[in-house]
1. Order 276-288, 197-209, 37-49 from most to least packed using the mean count of other Cβ atoms within 10 Å.
2. How many angstrom separate the Cα center of the range 551-596 from the Cα center of the range 364-439?
3. Give me Rg over Rh for the range 444-598, both radii from the alpha carbons and Rh done the Kirkwood way, two decimal places.
4. Can you tell me what share of the DSSP beta bridges in the chain is antiparallel? A percent to the nearest 5 is fine.
5. Just to be sure I understand the model, the point goes 7 Å from the Cα along the line to the Cβ. What's the resulting residue 524 to residue 562 distance in nm?
6. For the range 479-548 and the range 292-312, what is the separation of their C-alpha centers, rounded to whole Å?
7. What do you get for Rg/Rh over the range 18-126 if you use C-alpha atoms and the Kirkwood form of Rh?
8. Can you give the Kirkwood hydrodynamic radius for the range 422-505, in Å, rounded to one decimal and based on Cα pairs?
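Please treat every number below as a calculation from the coordinates, not as lab data. Predicted model only: the values in this text are computed from it and were never measured. Ideal geometry is used to build each Cβ from the backbone, glycine not excepted, and the neighbour counts take in all protein chains shown.
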C-alpha cells in the first residue's frame with residue numbers, strides 16, 4: 001500500500017492555504033522574524049501570484065482602551081504596483097477574539113488607511129503596535145462591530161524602500177491582495193469566501209475607489225459586497241492646485257515623492273528640484289504625517305524646483321501630466337454598491353472634484369450613495385465612521401443599497417477656510433449638550449437642545465476662540481421643597497478663549513475657558529426683576545485626546561466651578577443660599593451637525 005504523508009507545516013494550514021500550497025505557483029508562508037527584520041523582503045518574494053502570503057507573525061496592537069480584544073498578525077504578501085510589476089507589501093490582520101454572532105461567517109473589512117508619512121516607522125503596522133496610529137478609532141469601531149479588519153501598509157514600507165504614495169492602482173491592488181493573504185494565515189479564521197468590504201478615507205478613499213474599479217479584473221475571487229470611499233482625491237490636477245501653497249501643502253509634496261518613486265522616468269526628481277528641494281525630499285522621507293504637515297504648511301512647490309518652475313509649468317510637461325492623470329478616478333465602472341462621502345468644509349481635498357467623481361460613477365453605474373458632511377477634512381474622517389459602518393453592515397446583511405444618483409439637489413458648495421492661511425478647524429454651530437449640577441440643591445439643570453457652540457481652532461497659532469449660544473429656557477427645580485418652574489438665562493460674556501495644539505502623534509490638547517452670566521428670570525411664571533450672578537461664572541474647557549475625537553462623538557468638557565452670589569431681585573438672598581458657592585459641576589459635549597444626502 002502506498003501512503004502519502006503531509007509535512008508538519010502543511011498540517012497547520014487551513015484548507016484554503018493547503019489548496020494553494022499544492023499548486024506549483026505557491027510556496028507555503030513562513031513565520032517571520034521578530035522586530036524590524038520582518039520588513040526585509042526575501043529575494044524570491046516577488047515570484048508567485050499576487051495575494052500570496054509570504055510570511056506572518058503574531059503581534060499585539062494598541063488601538064485604545066475601548067478597543068475589543070483581538071488576535072493580530074503582521075503579514076508580508078505579494079501584490080502588484082501601478083506599472084504591473086510584482087511587489088511586496090506588509091500589513092496587519094486583526095480578528096476579534098469574541099465569537100461572531102451575526103450569522104454565517106465573520107465578514108471582513110479591508111481598511112484602507114489615509115496618509116501616514118514616508119518614513120518606515122510611519123507604517124500603520126508599526127504604529128498600531130506602538131499605540132500611535134491616528135486612525136485607531138475607526139479600526140477599533142469596525143472590530144467592535146465584530147468584523148475582521150485587514151490593514152495594508154501599501155507598497156514601500158519594506159526595509160530600504162520609499163512608499164509609492166498616491167500611486168492609485170498600486171494602493172488598490174494592495175487593499176485587495178491582503179484579503180487573499182489573510183486567508184492563508186494558519187488558523188486565522190478568515191475564509192476565502194467571506195463577505196468583504198473596503199473602507200477608506202483621503203488617501204484611503206483613493207485606494208478604496210481604485211480597489212472598487214480594479215476588483216472585477218484584478219481580484220474577482222474576492223467576495224466584495226460594498227465599498228465606502230470618503231475624502232477622495234479623484235482629480236489630481238485639481239487637487240494639486242488646491243493643495244499648493246495651502247495648509248495641506250505637505251500632501252502635495254508627499255505625492256510628488258511617492259509618484260516619483262513609482263514613475264522615476266516620468267518624474268525625475270533629481271533634475272527637477274533645487275538644493276532646497278533635495279533637502280526637503282530627504283527630510284520628508286524621515287517624517288510622519290503630522291510632522292510634515294506643519295513643516296511644509298503653505299509652502300509653494302516653486303520654492304523647491306530648479307529655476308523655480310511653477311506647478312502649472314511642471315504639470316504642462318507631457319510625462320508629468322500623463323502620470324498625474326493616470327491616478328484620476330471615475331473612468332471605470334464600479335461593480336458593487338459604493339458609498340461616497342466628503343466634508344463640505346474640506347480644506348485639503350476639494351469637494352467639487354468629489355462631486356464630479358460621483359457623477360462619473362453614476363453615469364456608468366446607478367448604485368452610488370453620497371453623503372455631504374458639514375465639517376473639514378479631519379473631522380469628517382471620524383464623524384462619518386458610524387454612518388459608514390451602518391452602510392457596510394447593511395451590505396453584509398444583503399440589504400439592497402439605495403442610490404442618490406437621481407438627486408435633483410444643487411451641487412454642494414465648499415465652505416472651506418481660505419487657502420494659504422493658518423491651519424484652522426472650524427466648529428460651525430455644533431450642537432451643544434450640556435448640564436450644570438447645583439451642589440446645594442443636588443439637582444441638575446439641562447440646557448436646551450438648541451444650544452450651540454462655534455469655535456475657530458487655529459492649530460498653527462495654537463489659539464482657540466469660540467461662541468456659546470444658549471436660548472432662554474425653563475427648568476423645574478425644587479427650592480425649599482417646593483417645585484418651581486425656574487426661568488433661566490445663560491448669557492456668554494465675550495468669547496471662549498484658550499489654546500489648542502496638535503502634536504506629531506495626532507494628540508489634540510485644548511485648554512480654554514468660557515465665561516457666562518446666569519440670570520434667574522422667573523419663579524413659577526412670576527417675573528421679579530434681574531436676579532443675576534454678580535460676576536460671570538467660569539467654565540474651564542480642557543481636553544486631551546486623539547484628534548479623531550473631533551468627529552468620533554465630538555468633544556466633551558467637564559469639571560467643577562464656583563457660582564458667585566446672586567443679586568438684583570427680592571429673592572436674591574434665597575437664590576444665593578441655594579445656588580451659589582463652590583463645587584458646582586458642569587458637563588459640555590459638542591458634536592458635528594449631521595450630514596445631508598446628495
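1. Highest to lowest by the protection proxy: 197-209, 276-288, 37-49.
2. 30
3. Checking Rg against Rh, the ratio lands at 1.04.
4. Just about 80 percent of them are antiparallel.
5. Rounded to a tenth, the inter-label distance reads 3.3 nm.
6. Answer, in whole Å: 44.
7. Numbers: Rg = 15.5 Å, Rh = 15.8 Å.
When Rh is taken as the Kirkwood radius, the ratio is 0.98.
8. 15.0
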